Amino acid sequence: MINEAAEIETVIKVNGLTRRFGNLTAVDDISFQVVRGEIFGFLGPNGAGKTTTVRMLTGVIEPTIGSATIQGYDIRKASILSREHIAVVPEQANVYLDLSVWRNLMLMAELYGIPRDRRVSSGERLLEALGLLKRKDSKARELSKGLKQRLMLCAALVTEPEVLFLDEPTSGLDVQSARLIRKIVRELNADGLTIFITTHNMVEAGDICSRVAIIDKGVIVAIDTPGNLRSMVRKRQYVEAVFREHAPPQEKMESIPGVIRLESDQEVFRLYTEAPGSVATLLGVLTDSLGLELEQLNTRKPSLEDVFLYYTGDGGIE
Amino acid sequence: MSAQSDGKRWRRQLHGSLVILQKNVLLYYLKPPVLIFGVLFPVFFFLAFKMGRDVSPSGVVPGMVAMALWFTASAIGPLVTPWERRAKTWERLISTPISLRAILAGDVLSGFVFGSTVSVIPVILGLLLTDAHVTNLPLLVGGILAGALTFASLGVLLSTPPASSPSNIMLLSNLVRLPLLFVSGIFVPIDQMPAWAGWVAPLSPLSYASALIRAAYGSVPYFPVWLCFLMLLLFTTVMFAASCRFHRMYRAKGL
């Protein structure tokens, strides 16, 4: 049931996927592709349709309209075959609290038909990597939230997936667990695993994702690498300046060619511009001509959070 | 798709059902709702029926076996899915490459194993403590196994409404199981019940299992033996198919 040989490198292909719940359209005609070896970030505010998209792709709910393939297998017509290639760490899902850490792991591996010797060896390796080996025989209910999330990740990885879906994997976790999970995600990706991650943590997305899609009100509003997305929102670039003792008059700074607007926060001045290089040069010239002195001068690209706010309707200023 | 790969897929799904069975044994057999509604209920009903009444052991023991089978085999199904929905393990389970049908088959197997195993206890107690005796052992075994399968399917069917709390489903299951208990020839043989009850009895799967078990203890069965097996098979098939359909409809509810 592989559709085309050309699709092999495209691990996830989504075409016009839509999901309605009664009158509410949770996901509206989205299309995108994820290629092998990517960490694909799916960003959006709460209720934007991230989890619904993941649930459709992982076979938990059926799309109302549209299609998608995973490793070439249609998620509707060959649902079981498509699910053989994936593992999921759902946002709210839990492990079996009354089973031991080890039994939880083995149960998942058995459901995916992983042979005994392989599931035992990879189970031990994963528990070691995620710092759970000493808790192997503990009941899952005895683990903290962070350790449970690590166990969920182990239980997903022991199934030897080709695509890993992580739905808000670090939400509400302590710093150590969140950092460990991000480190493991990077290592897994370096080993060739394709990762689809939903998050509203912009720092995390900018840090680990090779490409991101921003979804808002069920519609994908932007999709590109974090760097390109930041560049696209050129009006949110700015020059940041701190002056020694006195700053030039604000009207003079606003009149520098290319400055779109000026913001100041006590002694820090931000000159928003599409051409931060030339504005920085001209600001230096202006400061010299007035006999003043610059203490700090930096050009800043917008953060992914700026990009996110711009696309999801709170960019406001533009 | 070749026959070989079809066979492989069937084996994978069957293996999946057995893994689900194993999970359910470890997690749910000793849960309080199962022990209360599956084990204590039939004991109390038996005591309420027997105490102070002059009923022959041959009349009581088959009824006790059928009642134990009814409650135990149908106790697992209504617990598993609502429990998993509430514990947030259901979503992970249905995203595995095990079909919904195989997952539900695993739940049916769980009720089947629990019911047929526990119902051996009243059989042994009846043999040890009363003068009731089994006249047709293969029929008793067949009746227990067929009944357990049907009642376990009923349990899984009862678990289909997308309730967030297992107690709501247990309540619903008792609303269905208790009335059927009284029209299925458990306490009083169907031919001795009022005429209206005689009309209702064929609609209950318990009537057929009860008739088979009574026949195994030497009574003349109310329904022909072949009809009992046929009807139990029919109930199992219809209820399992309905379970799959309703579970698919409500798959995403309550996640």
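Okay, residues lined up against (1) buried (at least 24 other Cβ atoms within 10 Å of the Cβ); (2) more than 14 Å from every other protein chain (Cβ to nearest Cβ); (3) touching a Gly at 6+ places or on another chain (Cβ under 7 Å):
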{"site": "B:Ala68", "(1), (2), (3)": "yes, yes, no"}
{"site": "B:Thr72", "(1), (2), (3)": "yes, yes, yes"}
{"site": "B:Ala75", "(1), (2), (3)": "yes, yes, yes"}
{"site": "B:Ala87", "(1), (2), (3)": "no, no, no"}
{"site": "B:Arg92", "(1), (2), (3)": "yes, no, no"}
{"site": "B:Pro97", "(1), (2), (3)": "no, no, no"}
{"site": "B:Gly111", "(1), (2), (3)": "yes, yes, yes"}
{"site": "B:Thr117", "(1), (2), (3)": "no, yes, no"}
{"site": "B:Val120", "(1), (2), (3)": "no, yes, no"}
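Scan segment A:53-89 residue by residue and report those that are touching a residue at least 40 places away in the same chain (Cβ under 8 Å), of a type outside the set (A, V, I, L, M, F, W, C) and either at positive phi or crowded, with 23+ Cβ neighbours inside 10 Å (or both).
The answer is A:Thr53, A:Thr58, A:Gly66, A:Thr69, A:Gln71, A:Gly72.
Taking into account only those residues within segment A:108-123 that are within 14 Å of chain B (Cβ to nearest Cβ) and of a type in the set (A, V, I, L, M), which is nearest to A:Thr159 (Cα to Cα)?
Going through the qualifying residues, I end up with A:Ala109.
Applying the selection to segment B:154-168, what residues are more than 15 Å from the chain's Cα centre (by Cα) and part of a helix (DSSP H, G or I)?
To start, the set of residues in segment B:154-168 that are more than 15 Å from the chain's Cα centre (by Cα) comprises B:160-168.
Those that are more than 15 Å from the chain's Cα centre (by Cα) and part of a helix (DSSP H, G or I): B:Pro166, B:Ser167, B:Asn168.
Those residues that are touching a residue at least 40 places away in the same chain (Cβ under 8 Å) and at positive phi, I need them from segment A:14-31; list them, please.
A:Gly16, A:Asp29 - these are the residues of segment A:14-31 that are touching a residue at least 40 places away in the same chain (Cβ under 8 Å) and at positive phi.
Please state which of the following conditions A:Leu126 fails to meet, knowing it meets all the rest: (1) among the hydrophobic types (A, V, I, L, M, F, W, C); (2) outside any loop (DSSP other than H, G, I, E, B); (3) more than 10 Å from chain B (Cβ to nearest Cβ); (4) out of contact with any helix residue (DSSP H, G or I) (no Cβ under 6 Å at 6 or more places or on another chain).
Failed condition: (4).
How many residues are among the β-branched types (Val, Ile, Thr) and at the interface with chain B (Cβ under 8 Å from one of its Cβ atoms) if we restrict to segment A:77-107?
Residues flagged as among the β-branched types (Val, Ile, Thr) and at the interface with chain B (Cβ under 8 Å from one of its Cβ atoms) within segment A:77-107 amount to 4.
For B:Cys228, all conditions in the list (1) under 21 Å from B:Gly38 (Cβ atoms); (2) buried (at least 22 other Cβ atoms within 10 Å of the Cβ) hold save one; what is the number of the exception?
(1)
Which one of these does A:Phe196 not meet: (1) assigned to a helix (DSSP H, G or I); (2) within 14 Å of chain B (Cβ to nearest Cβ)?
(1)
Which one of these is touching a residue at least 12 places away in the same chain (Cβ under 8 Å) and not polar (S, T, N, Q): A:Val242, A:Val285? Write out each step before concluding.
Details: A:Val285 fails: touching a residue at least 12 places away in the same chain (Cβ under 8 Å).
Just one listed residue meets the conditions, A:Val242.
Grab the helices (runs of 4 or more DSSP H) fully contained in segment B:39-127, keeping just those with 3 or more residues being within 25 Å of B:Leu178 (Cβ to Cβ) and out of contact with any Lys or Arg (no Cβ under 6 Å at 6 or more places or on another chain).
In segment B:39-127, B:41-50, B:57-73, B:77-87, B:100-118 are the helices (runs of 4 or more DSSP H) which contain 3 or more residues that are within 25 Å of B:Leu178 (Cβ to Cβ) and out of contact with any Lys or Arg (no Cβ under 6 Å at 6 or more places or on another chain).
Determine if segment B:175-182 includes at least one residue that is among the aromatic types (Phe, Trp, Tyr), outside any loop (DSSP other than H, G, I, E, B) and over 15 Å from the mean Cα position of the chain (by Cα).
yes
What number of residues within segment A:45-104 satisfy the criterion of being among the aromatic types (Phe, Trp, Tyr) and not in a helix (DSSP H, G or I)?
Keep residues of segment A:45-104 that are among the aromatic types (Phe, Trp, Tyr), which gives A:73, A:96, A:102.
Among the residues that remain, those that are also not in a helix (DSSP H, G or I) are: A:73, A:96.
Number of matching residues: 2.
Quick one: what pairs do we get from segment B:1-25, first residue at the interface with chain A (Cβ under 10 Å from one of its Cβ atoms) and at pLDDT below 95, second surrounded by fewer than 13 Cβ atoms within 10 Å (Cβ to Cβ) and not in a helix (DSSP H, G or I), C-beta under 9 Å, 6+ apart or different chains?
So the pair list comes out as B:Met1/A:Met1; B:Arg9/B:Met1.
Of everything in segment B:212-243 that's part of a helix (DSSP H, G or I) and without any contact (Cβ under 8 Å) to a residue 60 or more places away in the chain, which residue is farthest from B:Leu140 (Cα to Cα)?
B:Ala241
The values are calculated or read from the model by the stated rules, or taken from the named source; none is laboratory data. None of these values were measured; they are calculated from a predicted model. Neighbour counts run over all protein chains shown; Cβ positions are idealised from the backbone, glycine included.
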